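A quick write-up on the structure given underneath.
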Amino acid sequence: FPFLPLHSQILCLVIMLFSTNIVAQSQQDNRTNFSCPSDSPPSCETYVTYIAQSPNFLSLTNISNIFDTSPLSIARASNLEPMDDKLVKDQVLLVPVTCGCTGNRSFANISYEINQGDSFYFVATTSYENLTNWRAVMDLNPVLSPNKLPIGIQVVFPLFCKCPSKNQLDKEIKYLITYVWKPGDNVSLVSDKFGASPEDIMSENNYGQNFTAANNPPVLIPVTRLPVLARSPSDGRKGGIRLPVIIGISLGCTLLVLVLAVLLVYVYCLKMKTLNRSASSAETADKLLSGVSGYVSKPTMYETDAIMEATMNLSEQCKIGESVYKA
């Protein structure tokens with residue numbers, strides 16, 4: 001546009017880029033069919049994927065707030081400990097949603113409170129990570145300006161989703177998980193991540209074997225059961241922290257058992273020694289009684305005073321043994 005002023009040329013260029021983006025986004029949306037099948041249920045419980053991102057969405061609580069659900073439900077679906085609120089960057093989550101028909105399209109309608117600086121495009125691409133797009137939001141909220149939104153109002157954001165058809169249910173496909181395709185993804189990688197059939201992924205999304213055009217649009221991953229997502233690296237670190245504790249407790253318990261065993265052996269030996277002494281003393285007494293029995297016909301009892309007088313009050317002069325005195 002050489003005949004236009006510089007600022008006008010820049011404005012035209014921006015408009016062209018914006019229009020190109022809209023057209024490209026429209027073409028991408030048309031690849032995966034999110035219409036309501038005639039043989040599918042009117043609504044169903046399904047899941048959308050979400051990638052933990054900084055700075056605002058590295059906790060289950062913050063993520064659950066924008067999806068109007070509970071942190072516990074996300075933790076259960078995502079193979080996390082119920083009390084683990086902290087996440088790591090790029091951790092993949094499964095968020096449960098209720099999918100149903102809005103007009104002739106399948107959406108999970110989520111209520112979102114507008115904050116300072118929000119627009120339909122910004123919230124769709126950042127907070128909801130392209131699980132929806134600004135045009136779908138605008139269609140559902142026609143009275144609102146996409147870029148001039150009052151702070152604090154509730155806006156419905158329709159997230160793309162779909163319920164399995166009867167034919168898919170007959171094939172034991174239970175969920176169509178909405179996943180935003182990343183530039184580095186391929187069918188093999190995604191099928192391994194979700195435990196899905198590559199053929200089912202390709203048949204459900206109109207990209208054939210070449211998903212290179214699927215940069216950041218939502219696609220559907222048909223699965224027969226909910227995938228068990230890999231745990232985050234932080235779980236490995238937590239396991240590393242717990243392992244020394246477990247080893248320490250095990251060693252402590254082993255040492256305690258050994259000490260108790262040694263103590264029991266010592267008490268047993270001490271008791272046996274005492275019994276042997278008692279038996280020896282009894283044997284000596286028996287021998288003594290047996291020795292004197294020939295000289296004494298029967299025991300003679302003496303009064304204490306007579307014993308004390310005869311032994312000069314147990315004087316050392318009368319002592320002839322350990323506790324034996326002459327009288």
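Residues in the stretch 168-180 include at least one that is in contact (Cβ under 8 Å) with a residue 12 or more places away in the chain and part of a helix (DSSP H, G or I).
Within the stretch 47-61, if we keep just the residues that are hydrophobic (A, V, I, L, M, F, W, C) and in a strand (DSSP E or B), the residue that is nearest to I74 (Cα to Cα) turns out to be V48. When the stretch 114-145 is filtered for residues that are in contact (Cβ under 8 Å) with a residue 60 or more places away in the chain, open to solvent by 20 Å² or more (accessible area, probe 1.4 Å) and assigned to a loop (DSSP other than H, G, I, E, B), the ones remaining, listed by number, are E129, N130.
Condition (residue is assigned to a loop (DSSP other than H, G, I, E, B), touching a Leu at 6+ places or on another chain (Cβ under 9 Å) and not small (G, A, S)) applied to the stretch 187-204: is it met by at least one residue? No, every residue in the stretch 187-204 fails to be assigned to a loop (DSSP other than H, G, I, E, B), touching a Leu at 6+ places or on another chain (Cβ under 9 Å) and not small (G, A, S).
Considered as a group, the residues in the stretch 283-312 that are polar (S, T, N, Q) and modelled with pLDDT under 80 include one that is farthest from the chain's Cα centre (by Cα), and that residue is S297. For the stretch 193-225, taking the residues that are of a type in the set (S, T, Y) and without any contact (Cβ under 8 Å) to a residue 40 or more places away in the chain, the one that is least open to solvent (accessible area, probe 1.4 Å) is identified as S197.
Among residues of the stretch 79-92 that are over 19 Å from Y179 (Cα atoms) and open to solvent by 80 Å² or more (accessible area, probe 1.4 Å), those with a Cβ under 8 angstrom from a residue that is of a type in the set (A, V, I, L, M, F, W, C) and outside any loop (DSSP other than H, G, I, E, B), sequence gap 6+ or separate chain, pair up as E81/A75. Among the residues of the stretch 29-46, the one identified as part of a strand (DSSP E or B), open to solvent by 40 Å² or more (accessible area, probe 1.4 Å) and not small (G, A, S) is E45. Evaluation of N216 against the conditions (1) touching a strand residue (DSSP E or B) at 6+ places or on another chain (Cβ under 7 Å); (2) at pLDDT 80 or above shows that the sole unmet condition is (2).
The values are calculated or read from the model by the stated rules, or taken from the named source; none is laboratory data. Predicted, not measured: the structure shown is a model, and the values here were computed from it. FYI the Cβ positions are ideal-geometry reconstructions off the backbone, even for glycines, and counts take in every protein chain you see. Keep in mind that these areas ignore ligands, DNA and RNA; they rest on the heavy atoms of the full protein, side chains included. Shrake-Rupley method; radii C 1.70, N 1.55, O 1.52, S 1.80 Å.
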